[in-house]
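To start, the structure under review is shown below, and the notes come after it.
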Protein chains: 2
Amino acid sequence: MNSIDHSGLDVLISEVGPRDGLQSIQAIMPTEAKKAWIKAEADAGVPEIEVGSFVPPKLMPQLADTAEIVAYARTIPGLQVAALVPNFRGAENAIKAGAHKISLPLSVSETHSQRNLNRTHEQVFGEIAKVVALIGSLPEDQRPGFEGSLSTAFGCSIEGVVKQDKVVDIAARLMALGCDEVGLSDTTGSANPAQLRNMIRAVKAVVGDGNLAAVHLHNTRGLGLANALVALEENIFTFDASLGGLGGCPAAPGASGNIVTEDLVFMFDAMGIKTGIELDKLMQVREIVRKALPNEELYGFTPDAGYPKGYAAGKGWGL
Amino acid sequence: MNSIDHSGLDVLISEVGPRDGLQSIQAIMPTEAKKAWIKAEADAGVPEIEVGSFVPPKLMPQLADTAEIVAYARTIPGLQVAALVPNFRGAENAIKAGAHKISLPLSVSETHSQRNLNRTHEQVFGEIAKVVALIGSLPEDQRPGFEGSLSTAFGCSIEGVVKQDKVVDIAARLMALGCDEVGLSDTTGSANPAQLRNMIRAVKAVVGDGNLAAVHLHNTRGLGLANALVALEENIFTFDASLGGLGGCPAAPGASGNIVTEDLVFMFDAMGIKTGIELDKLMQVREIVRKALPNEELYGFTPDAGYPKGYAAGKGWGL
C-alpha cells in the first residue's frame, strides 16, 4: 500500500485544518499559504495531514486547489497525505493527484445524507464499491488507504439521537464493501465519553479491533479532549484535529469546531504519549495561519495560557 | 457529623463559584445577589456550595459577608454548606457561622505557601492540629467535616513541577493530624490525565480509598474535563466546579479558571452519572450571575452551543 510507516508512534495525529477548517470559513486561503502551513506542520513532526477535499470547486471554492496541494504535499518526505472524497469521481481525482489515503464520509443519519450530500445510503454504498474496485485495479504500491468515515455517528443536527446499532451495521457494511478501515466522526460535537466508549467497543466487536482506527472529534460542548482520552484508552490510533480549532462555529463563541491540535498534542505530550510532534514547533505554526487568515479567530487553551511553569515539551509532566 | 446524606448520588458536585470565582475578580457581588445565586443553584439540585472564605475582609473584601452567607445558606433545606478557612481563626468563625464542611488549603509547594500565605508547612500543620482539636471539643452533631486540601498539587507557578512523593507525604500527614479527608487541587491548571491518575492512586494507597474524596480542577489548558473523567474512573466522589467558569484568568482569553459547572454537569448528565442536578435549571442560574456581574465574562461550551438536537436532560445520551 502507498503509505508511510508509523510504527514508532503511540498515536497518529491527523491535521485536518486545511480541509475541515478551511471548508468551514468564508475566506479563501491562498495556495502558497496552504503550502507553507502544511510544510511547517510536517516540519514540526505532524505525521499526517488531510490537505483538502475533492469536491466540485463551485461548491467549495476554498478547496479548489486541492489537487495542486496534494501534489505539493507529496514532495514532503515522511508526510502521509490524506484527502477527503465525496464520491467516486473525487476518488479518481485524489488518486490521480497522488494521495496516500482517502476518506469517504457517509452520514449515518440518512436524512442528513440526503439533505447534505443528496444521496441515500444505498447510493453512497454504490460509490464506495466503485472506489474499492478502482483501488483494486491499481498496482499494489500505488493503492491509497481507503477509510469509510461514519459522520453524524453520535448525534445528528436534523434527526437528533443516532442509534448505536445503526452505526455498527453501517460500519460492518463499509468493511464488507472493501474499505481498509472505518472511522467514527462526531460531526455535531454531541458525543460523550460513555457513549463513545460503548460505540468504539461495539464497532470493534463487529469490524475487528484494528479496523476501527480513527476518531474525528469536535469540541462543540467542551468534551472533545475527554472524548479523545476515552478513545486513547480504547486503543484508537488516529486522532483528527485542527490547528487553532479552525472552523469554529461563529454562532457559538468559544465553541471551536474540531478539537484543537495544539491542546490535543499538549495533553498527549504531558502524558508521555508519543505523537512524533514537537510541541514548541507546532505552536509556532499558528503564526503562519494567523497571517494568512487575519480575520479568523484561532482557538486553543494551551496557546493562550502557555505551558505550566517549568514545562519542557517532549518529556512528559509529573509522571 | 454535621452533614447531609448524599448516598443517592454517583458524584457530588460542589459549586465553588461564590468562593473561588468571586475571590478572583475585582467586582464585589452584593450580598443579596449571592443569596439569590446560592438559592437558585440549590433549587437546581446542586448538593454542596462553597459559599465563601473566612479570610480577613481587608485582604478580600469580595468575601467580607461570608458569615452572613453561611448563615443564610444553612436555612436552605438539603444544601451542604462549605467554607474555606485559611487558618484556625477562620475555622472558629466558620464553625460559629454554622458551616457543614470546612476546607483548609495547604500549598504543597512550600515556596508558594510562604509567599502567598506567609506560612511554612510546619506552621500550617500547627493550625490544622488546632482546628482538629476545636472540632473534637464540639458535640458530635455539631462537628463540621474537615478537609485538608492540597493546593498546587500538580504544578506550582513559582517552583514548577511538584513531586508526587511530596504530595503523598503531605496527604498522609494531614490525615495523621486528624482531617476527615484530603482533596487534591490543581490550582495552576497544570494537571494532565496520566499525572492525575497516578497521583490519585498513590495518595489513595497511603490515606485509604475513601479518604481522598475530592478534586478541584482548573481548565487553564483545556484539560479540565478530561481530568474530571479520570477522577471519575478513579472513584473520586466530590468535584469542585464554578458556574460560568467564573474567575477566569484575564491574561489568558478563553482560558477559564475552575472547570465550568454547566459543562461538567452536561458531561455527567449525558453519561448517565447521577449528580442530583437538573441541568435545565442550572443553565438558568447564569442569568442571575450575569445580571449581578455585568462586566464579567461567563464561560461554558454547552451554554454557548446549546444541547445536541433532541437532547433531554436527565436521561443520558446515546447510551
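Across region B:261-275, computed HN-Hα scalar couplings (Karplus, 6.51 cos²θ - 1.76 cosθ + 1.60, θ = phi - 60°) run 3, 4, 5, 5, 5, 4, 4, 5, 4, 5, 7, x, 8, 6, 10 Hz from first to last residue, x flagging Gly and Pro.
Counting beta carbons within 10 Å around each of A:ASP263, B:ASP65 and listing the fewest first gives the order B:ASP65, A:ASP263.
In region A:127-200, the ratio of gyration radius to Kirkwood radius, Rg to Rh, stands at 1.07 when only Cα atoms are counted. Just the number, please: Stokes-Einstein D of region A:12-305 in µm²/s, Kirkwood Rh from C-alpha pairs, 4 °C, 1.567 mPa s. Once the numbers are plugged in, D ends up at 69 µm²/s. Per residue of the protein assembly as shown, the DSSP helices (runs of n ≥ 4 H) give a summed -39500 (n - 2.57) that works out to -12000 deg cm²/dmol at 222 nm. Nearest to the axis that brings chain A onto chain B is this chain A residue, judged by its Cβ, with the distance in whole Å: A:ALA226, 2.
If you plug the beta carbon distance of B:GLN114 and A:LYS281 into 1/(1 + (r/R0)^6) with R0 = 30 Å, you get a FRET efficiency near 0.20.
Amide hydrogen proximity for B:GLY52: with H placed 1.01 Å from N in the peptide plane, the residues at 5 or more positions away or on another chain lying under 5 Å are B:LEU84.
Taking the charge dipole of the protein assembly as shown about its Cα centre, with +1 at Lys and Arg Cβ atoms and -1 at Asp and Glu Cβ atoms, the residue from A:HIS121, B:LEU117, B:ILE95 reaching farthest to the positive side is B:LEU117.
Distance between the 7 Å Cα→Cβ label points at B:ASP165 and B:ARG89: 3.7 nm.
Near B:VAL55, once Lys and Arg are set to +1 and Asp and Glu to -1 for all other residues with Cβ below 11 Å from its Cβ, the sum equals +3. Summing Lys and Arg as +1 and Asp and Glu as -1 over all other residues whose Cβ lies under 11 Å from the Cβ of B:GLY90 gives a net charge of 0. Put in order of Cβ neighbour count within 10 Å, fewest first, the listed residues A:TYR299, A:TYR307 become A:TYR307, A:TYR299.
What residues of region B:278-319 lie in the reach of a label at A:ALA202, counting those whose backbone N is under 18 Å from a point 7 Å from the Cα along Cα→Cβ? Flagged as within label range: B:309-312, B:315-319. How charged is the neighbourhood of B:LYS34? Take every other residue with its Cβ under 10 Å from the Cβ of B:LYS34, and add Lys/Arg as +1 and Asp/Glu as -1. With Lys, Arg at +1 and Asp, Glu at -1, the neighbours total -1. Farthest towards the positive end of the charge dipole of chain B, among the residues B:ASN211, B:ALA172, B:VAL46, is the Cα of B:ALA172, using unit charges on the Cβ of Lys, Arg, Asp and Glu. Summary value for chain A: 19 percent relative contact order, contacts being C-alpha pairs under 8 angstrom separated by 6+ residues. Between amide H atoms placed 1.01 Å from N, distances below 5 Å from A:SER149 occur with A:LEU104, A:LEU106, A:GLY183, all of them 5 or more places distant or on a separate chain. Checking the cross-link pairs A:LYS204/B:LYS315; A:LYS204/A:LYS291; A:LYS309/B:LYS58; B:LYS58/B:LYS96; A:LYS35/A:LYS274 against a 32 Å limit on the alpha carbon distance flags A:LYS204/A:LYS291 as lying beyond it. Once the Cβ-Cβ distance of B:ASP43 and B:ASN235 is raised to the sixth power relative to R0 = 25 Å, the FRET efficiency obtained is 0.30.
No value in this document is a laboratory result; all are computed from the given coordinates. Everything numeric here is computed off the predicted structure, so don't read it as measured data. Cβ atoms come from the backbone with ideal geometry, glycine included; neighbour counts cover every protein chain shown.
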